[in-house]
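What follows draws every value from the coordinates through simple rules; no lab data is involved. From a predicted model like this one, the values you see are computed outputs, not experimental measurements. Using ideal geometry, Cβ is built from the backbone for each residue, glycine included, and neighbour counts are taken over all protein chains shown.
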Amino acid sequence: MSAVIELRDGSLRYGTRVLWEHLELAVASGEFLAVLGPNGAGKTTLLKVLLGLAPLSGGQATVLGSAPRRGDHRIGYVPQQKAFDADLPLRGRDLVRFGLDGHRRGVPLANRAILAAVDDAIAAVGATGYADAPIGELSGGEQQRLRIAQALVGDPRILLCDEPLLSLDLAQQQAVSRLIDARSHERDTAVVFVTHDINPIIEHVDRVLYLVEGRWAIGPPGDVMTTEQLTALYRTPVDVVDVRGRIIVISSDDIGGAHDHGHHHLDVGLPSRRATRGPVRR
């Protein structure tokens, strides 16, 4: 399948600090890619590159066949969750509508087609019952459903998600993950999903991109989330263990503590293809 996102020899640096380099990435329509790694590894910055908000330091990025550009309506974006003020005079459906005409100045027109598209997007995420309520009075899960509706209302071909499950309880995480996965399958939408915990999405993920201190590995979850692969990435001994069905990453040097990366057995139902390694030098 042809790629809708491509990075060729992609590098990103801030001064002498290397976020990642020589990154080779191709994401196909309908693919669900999880992006993992410690804080500061450049996960969010990767999304900014694809949104045309940050330039590469080296290499080339293409999105749907052209260089990334700001305001590309073919890309939906779910940002990190931030609480709305409780007294914000904004309804849920107003937030969703910004996904269609938020870039226009002045009062948006009450176009019948726009209203119908907003209603459809709200219904698709199961938010019809509270779409007319003030956004600040809704729960975190309800707000996040509406953010997803906002990202999808323009019928994007690519959906970029930046930690969309933060501050949500387990049931809300699973519901939001299923919504995004359903979109990927039903509309052949490519999903790039930045997360610190693969657990809620493991059953939906096709491949994992793991970023660590300029190095990277990409492949099916069962090939990337291994002791050998993560030891090579972190350049320190790392153990990947299954504790009651959860993948726990533990370092002898205590890499930020133990990292919980998913609820799944590595040897069950995962492809056997080898992961593609980035510039891992031991």
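In table form, for the structure just shown:
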read-out	value
Over the stretch 83-155, volume per residue of the alpha carbon convex hull, in Å³	87
Dimensions in Å of the stretch 1-158 - Rg and Dmax from alpha carbons	17.7, 52
Principal-axis tilt of helix 170-187 within the chain, Cα atoms, nearest 10 degrees	80
Neighbour-count ranking [beta-carbon atoms within 10 angstrom, fewest first] of K43, K82, K48	K82, K48, K43
Fluctuation leader among P164, P220, P134 - the chain, Gaussian network, Cα springs under 10 angstrom	P134
E137/D9 FRET efficiency (R0 41 Å; Cβ-Cβ; nearest 0.05)	0.30
Among T236, A67, A28 the positive-end extreme of the charge dipole of the chain (Cβ point charges)	A67
Net charge contributed by nearby residues that have their C-beta within less than 15 Å of L138 (K/R +1, D/E -1)	-2
Distant-in-sequence amide H partners of F32 (H built 1.01 Å from N, under 5 Å)	V191, D206, R207
Per-residue [θ]222 nm for the chain (sum of -39500 (n - 2.57) over DSSP H runs n ≥ 4, rounded to 500)	-8000 deg cm²/dmol
Neighbour-count order for T195, T189, T44, fewest beta carbons within 10 angstrom listed first	T44, T189, T195
Inverse mean reciprocal Cα-Cα distance (Kirkwood Rh) of the chain, Å	19.6
Rounded to 10°, Cα long-axis angle of helix 140-152 versus longest principal axis of the chain	80
Order of V243, V4 - criterion: other Cβ atoms within 10 Å of each residue's Cβ, fewest first	V243, V4
